[in-house]
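These notes are about the structure you will find just below.
Readers should treat all values here as calculations from the given coordinates under stated rules, not as data from a laboratory. The model shown is predicted, which means the values in this text are computed figures rather than measured ones. Cβ coordinates were reconstructed from backbone atoms using ideal geometry, including for glycine residues, and neighbour counts include every protein chain displayed.
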Amino acid sequence: MHYLLMYDFVPDFAELRKPLRGRHLALAWEAHDRGELVLAGAFTDAPAGSAMLFKGDSPEAAERFAKNDPYVTGGLVTQWRVRPWTTAVGADASSPVRPGS
């Protein structure tokens, strides 16, 4: 199963993240190396935010990531949420569905 972790950021996020970015990226790469985090990145349009794609049997890895992320603990994230996502198309889809299925 896939889970999307989505963040909403404070308005001055780009400037305020500088002292926290190294630890945030280290945490993200550690989650990736464990096979939990598939992709992550920031939105390029307003409002400022990001999305991270996790995979696993439960939302636990995504929730744990958010609770330990310096962007969250440092007050740069105004809201975060994890949403289960049933992926149906693509090589890594959790529930592939082909035409005629």
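Taking each residue as 0.36 nm, the span from R21 to K67 lengthens on full extension beyond its C-alpha to C-alpha distance by 15.0 nm. Sites listed here are chymotrypsin sites (Phe, Trp or Tyr not before Pro) in segment 13-101 whose DSSP assignment is loop and whose Cβ has at most 14 other Cβ atoms within 10 Å: F43. The label-point distance for T44 and D12, in a model that sets each label 7 Å from Cα toward Cβ, rounds to 2.7 nm. For W85, the amide hydrogen comes within under 5 Å of the amide hydrogens of H2, Y3, L4, counting only partners 5 or more places away or on other chains and with H modelled in the peptide plane.
Take every pair of alpha-carbon atoms less than 8 Å apart whose residues are at least six positions apart; their mean separation over the length of segment 54-101 yields a relative contact order of 20 percent. Applying a DSSP loop filter and a limit of 16 other Cβ atoms within 10 Å to the trypsin sites (Lys or Arg not before Pro) in segment 4-101 leaves R34. Over the chain, the pair-distance histogram of Cα-Cα distances with 5 Å bins from zero comes to 2, 13, 22, 23, 17, 11, 6, 3, 1, 1, 0 percent, rounded to whole numbers. Fewest neighbouring Cβ atoms within 10 Å first, the residues M6, M52, M1 line up as M1, M6, M52.
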